[in-house]
Structure formats: structure tokens, C-alpha cells
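Note sheet for the following structure.
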Amino acid sequence: MNTIDKPNVVIVIFGATGDLSKRKLFPSIYRLYQNGKIGEDFAVVGLARRPWTNEVFRENVRDSIQNASLNAEDIEAFSSHFYYHSFDVTDTSSYDHLKILLEELEGNYQTDGNRIFYLAMAPEYFGSIANQLQQNGLKDSAGWTRLVIEKPFGHDLESAKALNNQIRVAFNENQIYRIDHYLGKEMVQNIEVIRFANGIFEHLWNNRFISNIQVTSSEELGVEDRARYYDHSGATRDMVQNHMLQMVALLAMEPPIKLTPEEIRSEKVKVLRALRHVDPDKVDEFFVRGQYGSGTSKGEVVKGYREETEELAGSTTETYVAGKVMIDNYRWAGVPFYIRTGKRMKEKSTKIVVEFKDIPMNLYYKDEAEKHPNLLVINIQPNEGITLYLNAKKAGIGSIAEPIKLSYTNNGVDGINTPEAYEKLIYDCIIGDTTNFTHWDEVAYSWAFIDSLLQAWSASQPKFPNYPSGSMGPQAANDLLEQDGFHWWPITE
Ligand SMILES: NC(=O)C1=CN([C@@H]2O[C@H](COP(=O)(O)OP(=O)(O)OC[C@H]3O[C@@H](n4cnc5c(N)ncnc54)[C@H](OP(=O)(O)O)[C@@H]3O)[C@@H](O)[C@H]2O)C=CC1
Ligand SMILES: O=C1O[C@H](COP(=O)(O)O)[C@@H](O)[C@H](O)[C@H]1O
């Protein structure tokens with residue numbers, strides 16, 4: 001019997017020699033083990049083509065979790081749960097061997113036939129792996145089976161639908177866990193609590209009191225060694241379709257009637273359905289795309305995107321997107337949600353700023369330029385916390401107002417893209433909690449919105465590069481807000 005505290009499971013990782021496994025998955029599983037979230041009855045089977053042995057694989061796992069504070073015996077015990085199986089996913093006979101291995105492990109560990117298949121490899125294989133698992137009886141165990149799928153889930157709505165149909169032949173929607181690692185971040189999960197557990201915010205959370213909401217996710221890094229993937233994706237598919245729209249949905253959704261995955265998802269879906277699609281004739285009034293040129297990052301001179309590798313020469317892929325997203329529903333009519341994300345920006349930061357409208361007659365700040373609107377800032381990374389910007393009397397004689405801030409900082413600091421998000425999501429998958437995974441409906445409505453944007457952009461060639469590395473993006477992104485009488489709030493305090 002699988003208990004909620006220490007569930008027993010075999011996790012099969014497709015793509016176990018890859019970057020994601022090493023940087024995120026092994027450290028996350030280790031943390032679950034270390035924190036007692038999984039007991040001794042678990043095994044991990046790593047699959048990939050290279051001819052590794054169990055020992056080489058375990059060495060790799062140990063390397064991925066090394067840090068000074070770890071105990072060698074612990075690491076050894078942990079890595080002994082890992083098994084490697086050299087496997088080509090395109091070779092249908094490989095699946096028979098996998099089945100035998102799983103049955104063997106299920107005899108050695110009391111995992112009750114519970115299996116997670118984690119697809120940490122290129123998306124072109126997702127559909128066929130799911131089908132092979134079904135056809136070769138790998139889903140027919142005594143316990144539950146779940147399929148975890150990495151992003152990107154499709155390239156546009158049509159390809160996402162095709163992929164979904166392929167997967168759904170083999171797995172039910174409630175067995176499919178589509179990962180969006182932003183949904184595992186502590187402060188992204190906190191959005192709902194901040195909104196729905198605080199009377200002072202929820203009553204004001206609408207178009208009568210909020211003037212605009214800004215969501216920024218900026219990165220210092222460039223494309224690194226992911227040019228092949230990234231150049232076919234761009235910032236819109238890589239970040240906006242998933243992470244950015246998920247944050248918008250959490251900020252804009254109605255309170256669910258219960259905190260169940262179904263109710264939360266149903267409210268998020270309503271927001272994604274209400275996104276105003278981009279009118280091709282007005283795309284420049286709503287969205288800005290950019291690509292980084294050379295510049296300076298962390299004091300070093302860095303290359304522009306097109307100079308990073310030969311295959312990127314002349315590329316018109318966007319590495320930056322800023323946009324004004326409108327949600328056409330009763331609560332949000334007229335309130336812009338400004339989003340921006342990009343590579344090689346000034347700083348690594350993910351932050352949400354909720355700007356409240358000014359009072360009808362401000363007795364203290366007479367000039368527009370002097371005003372200090374109340375802001376609620378949700379710091380997602382690198383620091384975690386919330387800051388509320390208020391106005392208070394300046395100490396001393398006279399009645400002069402000055403801006404002050406109330407800050408709360410979470411103890412845990414989410415180091416950049418640390419395993420914590422994956423750790424929570426893997427655990428949720430093990431215990432069968434789908435709340436922080438994206439349902440097909442969310443994926444479909446997000447793609448429909450993104451398709452309208454990409455289609456509008458496809459009508460013209462961008463003039464790239466248009467922002468230097470180390471900056472906050474193209475000037476047009478500032479103009480986007482200025483035309484509405486706003487400006488981007490700084491991403492550093
Ligand atoms: N890396 C990251 O930070 C992130 C990655 N993702 C997603 O995770 C997935 C994996 O990414 P990443 O780890 O970076 O990719 P990598 O290219 O580093 O790894 C790909 C893995 O797939 C294996 N593989 C490739 N072809 C086959 C095959 N025919 N049969 C069996 N195994 C095969 C490779 O091993 P071998 O060559 O030995 O066969 C390798 O283990 C992708 O969907 C990506 O979009 C999502 C968010 C972040
Ligand atoms: O999914 C992705 O996210 C990372 C950014 O994640 P973060 O947790 O570091 O904010 C991004 O670098 C990558 O291009 C994208 O695929």
C-alpha cells in the first residue's frame with residue numbers, strides 16, 4: 001500500500017544521461033530522499049542510448065548531488081537505488097527488456113507496481129514513447145502509472161493537439177503530468193495564498209482598484225548551448241506560452257470554490273479563455289519582440305545572439321518579448337497585464353508588481369510626477385518574499401508624505417533555477433497531486449493566444465538585434481507602457 005508520507009515507486013527516466021536529469025532531476029530526488037519524503041522502497045531506472053553501466057550511471061548521479069555538506073555514506077546509499085538501461089526509444093524491442101527490468105526491481109523493492117515514466121528528452125519522442133509503453137504492457141502493473149512530460153508541449157496549437165491525441169491513446173488525462181517548473185516555485189505557489197487568504201488584497205483585486213500588473217522574468221544568461229532548440233522556439237514559445245501565462249492566470253483567476261486541482265484549473269482556464277487575441281493590425285501596440293546584440297554581462301563583453309554559433313547567423317528568432325495582455329472579463333476589463341521576458345538582460349529576476357490606482361484626490365502628492373502609487377511586489381527569484389509600498393508621514397515638523405515599504409522575506413532563497421521547484425513537482429507527482437501541473441485545456445488556450453501573436457509577427461521581418469546584452473530590452477518595451485501613462489517598475493529594490 002502506497003502511503004502519502006513515503007510513497008513507494010519506480011521512476012523511469014527517459015533521457016537520463018542528459019542535462020535536465022543531471023542538473024535538476026537527480027538532485028531533486030536526492031533532496032526528497034534526504035528529507036524523508038521517499039523511503040527506502042524506491043528505485044530509479046535511467047534510460048538513454050549511451051552504453052553506460054549501473055556503476056557509471058551511479059557515479060554520474062553522485063556527481064550531480066555533490067556538495068560540501070553531504071555525507072558520503074548517504075550518497076552511496078542513495079545512488080544504490082539507481083539502475084541504468086541502455087535503450088534506444090526508437091527500437092521497439094527495447095521495451096520488452098525494460099519490462100523485465102521493472103518487474104525484477106519491483107520484486108526487490110516493495111514498490112507495489114507504482115511507476116512514473118518521466119520523459120526528459122526531446123519532445124519529438126513523447127508521443128511514440130507513450131504508445132510503446134502502452135503497447136508493450138508497461139502500464140499494466142499492479143499499481144498506478146503516471147507519465148511526466150517536459151516542455152515544450154508542441155510548437156503551436158496544431159502540433160500540441162496532435163501530440164496530445166497521440167499521448168491520450170495510451171494515457172488518461174489524469175495520468176499525464178505536464179511539467180511547468182514555474183508552478184513549483186515557492187512564490188508562484190504563494191500567489192493564491194497572498195490573494196485568497198488576505199481580505200485587504202482580495203477586495204481590491206479588480207479593475208476598480210488596480211491600474212496595471214507587471215510580470216517580469218529576466219535572465220542574464222544567453223542561449224548557451226541550446227541554440228538548436230532555442231532558435232526554433234524563441235522567447236515566446238520558450239517562456240511566454242507556459243511560465244508567463246501561467247503566472248498571469250494565477251494572478252487573474254477567480255477564487256476557486258475549493259482548493260482542489262479541478263477547481264483551481266477550471267478558474268485558470270477561464271482566464272486563458274478570456275485572453276484577448278492579438279489583432280494583426282495592432283500587434284505593435286500590444287507586443288514588442290527583441291533579440292540581443294553584443295554588450296556587457298557581469299562586467300564581461302559578450303557576443304550578440306547571431307554571433308553565438310554559426311547556425312544563428314542571420315537568425316530572426318526573438319530572445320525577448322514584452323507585451324500588454326488584456327483579459328476580457330468583468331474583473332479585469334481595461335487593466336493591462338504587462339509581461340516581459342528575455343535573455344541577456346541586466347539581471348536575473350522574476351518579479352510581479354501590482355500597481356494600485358491612486359485615490360481620487362491626493363492631498364500630499366499634487367503633481368502626477370511626484371505620485372507614489374501603492375504597489376504590492378511579489379518577489380519570485382532570486383529573493384523570495386513580498387513588499388508592500390505605502391505612503392506615511394515623514395518624521396518631523398509638517399505634514400509631508402513619503403514612500404515607505406513593508407517587506408517580508410522567505411527564509412529559503414530560491415537560487416536560480418534550483419532543484420526546489422522540481423523537487424516539489426516530483427513529489428506532487430508521486431503522491432498524485434496534479435494541482436501544479438498544466439492540464440490540456442490550459443495548454444490549448446495558451447497556444448491559441450500565442451499562435452495569434454506569432455501569426456501577426458510572421459507578416460513582417462524584425463529589425464534585429466535591437467537591444468544590447470546587459471540592458472532591460474528594446475526601447476519599444478518602455479514606450480509600450482508610456483503610451484498608457486505607466487512605466488516598468490525596477491526589478492531590483
Ligand atoms: N535542460 C534544461 O534545463 C531543461 C530541459 N527541458 C526539457 O527537458 C527535455 C530534456 O532536455 P535536456 O536534458 O536539456 O536534453 P539533452 O539533449 O541534454 O538530453 C537528451 C537525452 O535524451 C537521450 N536520447 C536522445 N535520443 C535518444 C534515443 N533515441 N533513445 C534514447 N535516449 C535518447 C540522450 O542520451 P543519449 O545521447 O545517451 O541517448 C539524453 O540523455 C527536453 O524536452 C527539454 O525541452 C525543460 C526545461 C529545462
Ligand atoms: O523553461 C525555461 O526556463 C528557464 C528559466 O527558468 P528559471 O527557473 O531560471 O527562471 C529558461 O532559461 C529556459 O530558456 C526555459 O526553457
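Filtered by the rule that a residue be under 16 Å from H243 (Cβ atoms) and surrounded by 18 or more Cβ atoms within 10 Å (Cβ to Cβ), the range 162-190 gives R178, I179, D180, H181, Y182, L183, G184, K185, M187, V188, N190.
The set of residues in the range 60-91 that are exposed (fewer than 14 other Cβ atoms within 10 Å of the Cβ) and at pLDDT 90 or above comprises D63, E76, A77, S80, D88, T90, D91.
E355 meets the stated requirement of being among the acidic types (D, E) and modelled with pLDDT of 95 or more. Of all the criteria given as (1) touching a residue at least 60 places away in the same chain (Cβ under 8 Å); (2) away from ligand 1 (no atom under 16 Å from the Cβ); (3) not in a loop (DSSP other than H, G, I, E, B), the one not satisfied by V335 is (3).
Here S217 meets each of (1) of a type in the set (S, T, Y); (2) within 12 Å of ligand 1 (Cβ to nearest atom); (3) under 13 Å from the mean Cα position of the chain (by Cα) with one exception, condition (2).
For the range 272-331, a residue qualifies if it is outside any strand (DSSP E or B), of a type in the set (K, R) and touching a residue at least 12 places away in the same chain (Cβ under 8 Å), and the qualifying residues are R273, R276, K298, K303, R306, R331. Residues that are in contact with a Ser or Thr (Cβ under 8 Å, 6 or more places away or on another chain) and not in a helix (DSSP H, G or I) were ranked within the range 453-462; the one that is surrounded by the fewest Cβ atoms within 10 Å (Cβ to Cβ) is Q461.
Scanning the range 211-228 for residues that are within 8 Å of ligand 2 (Cβ to nearest atom) and either under 24 Å from Y445 (Cα atoms) or surrounded by fewer than 19 Cβ atoms within 10 Å (Cβ to Cβ) (or both) yields S217, L221, R226.
Every residue, every condition in (1) under 30 Å from E370 (Cα atoms); (2) surrounded by fewer than 20 Cβ atoms within 10 Å (Cβ to Cβ); (3) free of Cβ contacts under 8 Å to residues at least 24 places away in the same chain; (4) hydroxyl-bearing (S, T, Y), yes or no:
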position	(1), (2), (3), (4)
G396	yes, yes, yes, no
I400	yes, yes, no, no
Y408	yes, yes, yes, yes
D433	no, yes, no, no
F464	no, no, no, no
A477	yes, no, no, no
H487	yes, yes, yes, no
T492	yes, yes, no, yes
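Do we have any residue at all in the range 179-191 that's closer than 30 Å to Q110 by Cα, in contact (Cβ under 8 Å) with a residue 12 or more places away in the chain, away from ligand 2 (no atom under 16 Å from the Cβ) and within 18 Å of the chain's Cα centre (by Cα)? Among the residues of the range 179-191, not one is closer than 30 Å to Q110 by Cα, in contact (Cβ under 8 Å) with a residue 12 or more places away in the chain, away from ligand 2 (no atom under 16 Å from the Cβ) and within 18 Å of the chain's Cα centre (by Cα), which makes the answer no.
Screening the range 69-137 for helices (runs of 4 or more DSSP H) wholly inside it with 3 or more residues that are more than 30 Å from Y230 (Cβ to Cβ) returns the ranges 72-79, 94-108. If you check V12, V56 for being β-branched (V, I, T), in a helix (DSSP H, G or I) and within 13 Å of ligand 1 (Cβ to nearest atom), only one passes: V56.
The values are calculated or read from the model by the stated rules, or taken from the named source; none is laboratory data. As the structure is a computational prediction, the values presented were derived from the model and not from experiment. All Cβ positions, glycine included, derive from the backbone under ideal geometry; neighbour counts span all protein chains shown.
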